1. For the stretch 35-52, give me the residue count where each residue is in a loop (DSSP other than H, G, I, E, B) and either touching a residue at least 40 places away in the same chain (Cβ under 8 Å) or not acidic (D, E) (or both).
2. Any idea which residue in the stretch 18-29 is nearest to C69 (Cα to Cα), counting only those that are modelled with pLDDT of 90 or more and open to solvent by 50 Å² or more (accessible area, probe 1.4 Å)?
3. Considering only residues that are open to solvent by 70 Å² or more (accessible area, probe 1.4 Å) and out of contact with any strand residue (DSSP E or B) (no Cβ under 8 Å at 6 or more places or on another chain), which ones fall in the stretch 31-70?
4. Between a first residue in the stretch 53-67 that is closer than 10 Å to N8 by Cβ and a second residue that is open to solvent by 70 Å² or more (accessible area, probe 1.4 Å) and not in a loop (DSSP other than H, G, I, E, B), which pairs have beta carbons less than 6 Å apart while being 6 or more apart in sequence or on different chains?
5. Considering only residues that are in a strand (DSSP E or B) and under 15 Å from A78 (Cβ atoms), which ones fall in the stretch 9-34?
Amino acid sequence: MTETIRINLDAVRVYRNKGEYREVGRARTSLGHEITGDGAKLAKLASILREENPDFNGLLEVYRGDTLCFIPMPLKSAFLRGSQPEHLGKEQA
């Protein structure tokens with residue numbers, strides 16, 4: 001069985017003051033990393049994971065709830081600049 005690292009996508013509220021907030025995307029890994037905010041969260045997380053686990057030969061899975069967002073891909077090539085993963089659904093992170 002191949003080892004996998006899972007990234008979960010969701011949204012959290014960011015408050016400007018007591019009554020004003022907006023929701024921003026959050027990406028969390030099964031290894032405890034978390035990135036919240038606007039922008040390319042998946043690419044940043046994949047980069048961090050590659051740097052910390054250079055010998056990892058397993059797959060990267062991306063979920064929103066119970067829904068698989070991308071076909072599982074090797075971490076070594078996941079979300080590299082210029083690469084286009086096979087898309088299963090619209091990613092809103």
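1. 3
2. Here the answer is R28.
3. E51, E52, P54, D55, D66, T67
4. E61/R6
5. Residues satisfying the conditions are L9, A27, T29.
The values are calculated or read from the model by the stated rules, or taken from the named source; none is laboratory data. Since the model is a prediction, treat every value here as computed from it, not as a measurement. Here Cβ is always computed from backbone atoms with ideal geometry, including for glycine, and neighbour counts include all displayed protein chains. Accessible surface areas use protein heavy atoms only, side chains included; no ligands, DNA or RNA. Shrake-Rupley method; radii C 1.70, N 1.55, O 1.52, S 1.80 Å.
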